[in-house]
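Please read the structure below before turning to the comments.
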Amino acid sequence: MDIATQSEVLLRSAGYETWTWPGGSVPVVCFENASVAGFLHVFGSGEGLLADWRQVQQATLGRHAAALRSAGAKAWNVYALFLAGGSDPVLARQIERIEEDFSMTRKIARGDLRTAADLRRTLLPLLPVLSAPTIGGADYRARLRARLSDVPDAAVAAFLGVASASDVARILVDAP
């Protein structure tokens, strides 16, 4: 899996602008939207990630320092992602501990990314929250009655029946 390309696809579909920066020692995908800026670094191995992430972060931030200084409030919401595919699963916890370093940027670090689903899970903190609605097989009248338990039964029946809006309003006004 091409982590950099797949990441760009996911980030763009979430509304981020993306571009690559070829000046780093590892591939870097830069991304931003109205409130977030970030740099996604792709390492060849988990070992390389653990050995070089600090230097890579320093080089990337140094190169983009002027733009970050002029970013206003967005400068407080800068992410650095350190990703590796096919690394030794034993290194996973060491790699994830990078996220506990709160200096300079917010961090997301993962190794052993093998599938698009792995990558999507990794990028979830940057992606919009989505909720899958349950549509099929629902009894909407029963659900509405349950939600309107504080409304008089006559008003609910009138609303769900053929009564006019003014009749429903009258029932609500006359209710004890």
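Looking at this structure, is GLY38 in contact with an Asp or Glu (Cβ under 8 Å, 6 or more places away or on another chain), buried (at least 18 other Cβ atoms within 10 Å of the Cβ) and outside any helix (DSSP H, G or I)?
Considered against the rule, which asks whether it is in contact with an Asp or Glu (Cβ under 8 Å, 6 or more places away or on another chain), buried (at least 18 other Cβ atoms within 10 Å of the Cβ) and outside any helix (DSSP H, G or I), GLY38 comes out as yes.
Just checking, how many residues over region 25-35 are open to solvent by less than 30 Å² (accessible area, probe 1.4 Å) and not in a strand (DSSP E or B)? So the answer is 1.
Within region 88-110, is there a residue that is at pLDDT 95 or above, within 18 Å of the chain's Cα centre (by Cα), among the small types (Gly, Ala, Ser) and within 30 Å of THR18 (Cα to Cα)? Scanning region 88-110, I find at least one residue that is at pLDDT 95 or above, within 18 Å of the chain's Cα centre (by Cα), among the small types (Gly, Ala, Ser) and within 30 Å of THR18 (Cα to Cα), so the answer is yes.
Considering region 68-85, and only residues there that are in contact (Cβ under 8 Å) with a residue 12 or more places away in the chain and more than 18 Å from ALA51 (Cβ to Cβ), the residue that is most open to solvent (accessible area, probe 1.4 Å) turns out to be ALA73. Among the residues of region 86-103, the ones that are touching a residue at least 12 places away in the same chain (Cβ under 8 Å), within 22 Å of ALA4 (Cβ to Cβ) and either open to solvent by 40 Å² or more (accessible area, probe 1.4 Å) or not in a helix (DSSP H, G or I) (or both) come to 5 in all.
Has region 46-58 got at least one residue that is part of a loop (DSSP other than H, G, I, E, B) and open to solvent by 20 Å² or more (accessible area, probe 1.4 Å)?
There is no residue in region 46-58 that is part of a loop (DSSP other than H, G, I, E, B) and open to solvent by 20 Å² or more (accessible area, probe 1.4 Å).
Would you check if there is a residue in region 162-169 being modelled with pLDDT under 85, on the phi < 0 side of the Ramachandran plot, open to solvent by 70 Å² or more (accessible area, probe 1.4 Å) and not hydrophobic (A, V, I, L, M, F, W, C)? No, there is no match, as no residue in region 162-169 is modelled with pLDDT under 85, on the phi < 0 side of the Ramachandran plot, open to solvent by 70 Å² or more (accessible area, probe 1.4 Å) and not hydrophobic (A, V, I, L, M, F, W, C).
The values are calculated or read from the model by the stated rules, or taken from the named source; none is laboratory data. Not measured: the values here are computed from a predicted model. Heads up, the Cβs are rebuilt from the backbone with ideal geometry, glycines too, and the neighbour counts pull from every protein chain shown. Keep in mind that these areas ignore ligands, DNA and RNA; they rest on the heavy atoms of the full protein, side chains included. Shrake-Rupley method; radii C 1.70, N 1.55, O 1.52, S 1.80 Å.
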